[in-house]
Amino acid sequence: MAMTQSKTTKTFLNQQVANYGLFYTKLHQFHWYVKGHNFFTLHEKFEALYDQVTLIVDDIAERLLQINGQPYSTLQEFLEHATLKEKPYVKPLSENEMVQTVIDDLETLRDELVEGIALTDKEGDDVTNDMLIATKSKLDKELWFFSSFLGKDPVPQKNAK
Ligand SMILES: [Fe+2]
């Protein structure tokens, strides 16, 4: 199969760099501001997730460089290109609201990975495809963890267009 690694793959990967770059900071907000009976659990859990996100964003950015792309590397670029949204912490959020926000963001990231997996499969870019599948496996597990914390089942993925 011919490997094309089109502009579309590069654009997709770069949007993910922006997303995980933003998510990293957003998780710090929750790590710092969480309050309540589950403080110890969630304070540590948010940290464990931003540590994973650090590895994910680095892998995606370095893959982009390997295929002659140019990863975004400023906070301004992350904000401009991310599909995730952030908010200043001006009004207290409950533990459950924070967890639900993390679930919503993980679902967005997971559904975008489904699209990226289909795209790289179509283009025959096996290495990027493999990396995205490995990332999705991590996010699926996190979605299960955080959904279980709220007593919910994980929301099923949207299928690739
Ligand atoms: Fe800390």
#### Entry: Stokes-Einstein D for region 73-161, Kirkwood Rh over Cα pairs, 25 °C, 0.890 mPa s (µm²/s)
167
### Message
From the Cα trace of region 82-121, what convex hull volume per residue do you get, rounded to a whole Å³?
### Response
53
### Message
How compact is region 55-124 by the rule of thumb for globular proteins, expressed as Cα Rg over 2.2 N^0.38 Å?
### Response
1.38
### Message
Ignoring everything except DSSP H segments at least 4 long, calculate the 222 nm mean residue ellipticity for the chain; use -39,500 (n - 2.57) per segment, divide by total residues, nearest 500.
### Response
-25000 deg cm²/dmol
### Summary
Rounded to one decimal in nm, the spacing of the 7 Å Cα→Cβ label points at residue 153 and residue 74 is 4.7
### Amide H within-cut-off set for residue 157, under 5 Å, with H built and near neighbours excluded
none
### Message
Can you give the log10 of the normalised intensity I(q)/I(0) at q = 0.10 Å⁻¹, computed with Debye over equal Cα scatterers of region 7-149?
### Response
-0.34
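The numbers here are math on the coordinates, done by the rules we state, and not lab data. The shown structure was predicted, so the numbers you read here are calculated from the model rather than taken from an experiment. Cβ sites come from the backbone with ideal geometry, for glycine too, and all protein chains shown count toward neighbours.
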